[in-house]
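The next block holds one structure in the form of structure tokens; read it before the comments.
The values are calculated or read from the model by the stated rules, or taken from the named source; none is laboratory data. What you see is a predicted model, and the numbers here were worked out from it, not measured in a lab. Neighbour counts run over all protein chains shown; Cβ positions are idealised from the backbone, glycine included. Please note that ligands, DNA and RNA were not included when accessible areas were found on the heavy atoms of the full protein model with its side chains. Shrake-Rupley method; radii C 1.70, N 1.55, O 1.52, S 1.80 Å.
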Amino acid sequence: MTGPPVITGWSAVSPHGIGADAFAEGVRAQRPTLAPVDTERWNVPHSRAHLVPGFEVREVLGKKGTRSMDRVTGLAVAAVGSLLDRPGAQRETETGERAALVLATTTGSAASMMDFTRSSLVGARPYDVDPAVMPNAVMNCAAGQCAIWYGIKGPNTTLAGGRAAGLLSLNYAIRLLSTGRADTVLCAAAEEYSHARYWLERHSRGPEAPGAALGEGAAVMLVRPASAATPERPALAEILAVRSRVATGSRVRATLEACVRSALEAAGVGAGQVWAASPSDAPGLLGHLERDVLTEVCGAAAVDRVPAVGRIGDVSAASAQFQIATLLATAADDTTAAGGIALVTSADRDGSLACAVLRLAGPR
């Protein structure tokens, strides 16, 4: 592979709706997506969240093969399908033996895992469980179903890394291309809303962000060598560098700044060249720290250039893919974005930090 890999397509299933066009329109209008949830259905107290409107797995994907499909798998399958159905799609190269899939997640479906475990504990016997539900309790279920549905026969990988998983999956995609393991990588991320996730977040978050609203959705990028770009699937952005670090406590600020500067250095660009910088908007103090670091390195204008990913709620492991989708949607409408440098950062409360540097193609 000569030259940096490129993103040649993207799509999303988000609180703005299904498909890239719905997401881009929502970003453009900065439409609010926070709404009350059905507390009886979701088994949560009075709450509001950023849900994909009207998303029911069997209604969106049909009844065949979806009877036992959980929500996070449905979101991922729908997002990959919406990308492969976009105008200009090339199924012969975007699926098959030389196509890979990398999916970022936190745990897969926490609801499926907890429900399956509960059924073993409360049943008459520990093995009185529904075997059809068992695959959902494995975190790579969503990635496997995406491959089965669309005939993606190359490497199939699930990366569980919390908020940093999206950028880690992007780096993994680059490695698959650079080592010749695949010619095309669908780099996806998915996070569901569920009663299990609600309660896990409620009890594990620090006191500084007790009421941060959850979001859900899935987004997918088509990553290919630069030579594979076509008029139908043009290069929307070059991936110049991805770097990661680990730090906790008082070392987070300095380490995140070092990570950002290392990524810029690896990309061969300076902080003054950054057109837009997108933080992952972690709830609470960590999110404020991340935004402060980017403002200090790149300037307030760059940080304010695109809408914050937090506008669609805490989408956790799907944050980076939605950040990139927001950058691409914004750049498509802005002539000043052509050739501009974009920074995407992630900061997770477990200490995982990551930064990616992109060069945007701009409007087409």
Go ahead and estimate [θ] at 222 nm for the chain from helices alone: -39,500 (n - 2.57) per DSSP H run with n ≥ 4, summed, over the residue count, rounded to 500. -10500 deg cm²/dmol
Using θ = phi - 60° and the Karplus form 6.51 cos²θ - 1.76 cosθ + 1.60, what ³J(HN,Hα) does each residue of the stretch 234-247 get, whole Hz, x for Gly and Pro? x, 6, 8, 6, 8, 9, 7, 6, 9, 10, 9, 8, 9, 7
Measure of compaction for the stretch 209-270 (Cα Rg per 2.2 N^0.38 Å): 1.63
Fraction of accessible area attributable to carbon and sulfur, the chain (%, probe 1.4 Å): 53
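On average, how much accessible surface per residue is there in the chain, in Å², for a 1.4 Å probe, leaving out ligands, DNA and RNA?
On the way: 14950 Å² over 364 residues.
Heavy-atom accessible area per residue stands at 41 Å².
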Once phi for every residue in the stretch 187-198 is put through the Karplus expression 6.51 cos²θ - 1.76 cosθ + 1.60 (θ = phi - 60°), the whole-Hz ³J(HN,Hα) values, with Gly and Pro written as x, are 9, 10, 8, 8, 8, 9, 9, 7, 4, 5, 5, 4
Across bins of 10 angstrom width beginning at 0, how are the C-alpha pair distances of the chain distributed, in whole percent? 6, 26, 36, 24, 8, 1, 0
Solvent-accessible area of Arg202, probe 1.4 Å, all protein chains present, reported in Å² to the nearest ten, please. 130
Phi-derived 3J(HN,Hα) across the stretch 217-225 with the Karplus relation (6.51, -1.76, 1.60, θ = phi - 60°), rounded Hz, x for Gly and Pro, is x, 8, 9, 9, 10, 9, 10, 9, x
Tell me, what is the percent relative contact order of the stretch 216-287, built from C-alpha pairs under 8 Å that lie six or more residues apart? 20
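Could you compute the net charge surrounding Ser280? Neighbours are other residues with a C-beta less than 12 Å from the C-beta of Ser280; K and R count +1, D and E count -1. Write out the running numbers ahead of the final one.
Values: positive: Arg163, Arg291, Arg349; negative: Asp281, Glu290, Asp314, Asp348.
The answer is -1.
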5 Å is the cut-off here: which amide hydrogens, built 1.01 Å from N in the peptide plane, fall below it relative to Met221, excluding neighbours closer than 5 in sequence? Cys187, Ala188
If you count only protein heavy atoms and use a 1.4 Å probe, how large is the accessible surface of Tyr172, to the nearest 10 Å²? 70
Hey, can you grab everything whose amide H is under 5 Å from the amide H of Ala235? Only 5+ residues off in sequence or another chain; H modelled, so Pro and N-termini drop out. Thr230
Which of His16, His203, His50 moves most in a GNM of the chain, Cα contacts under 10 Å? His203
Whole Å is fine, so just give me how far the alpha carbon centre of the stretch 93-107 lies from that of the stretch 319-360. 21
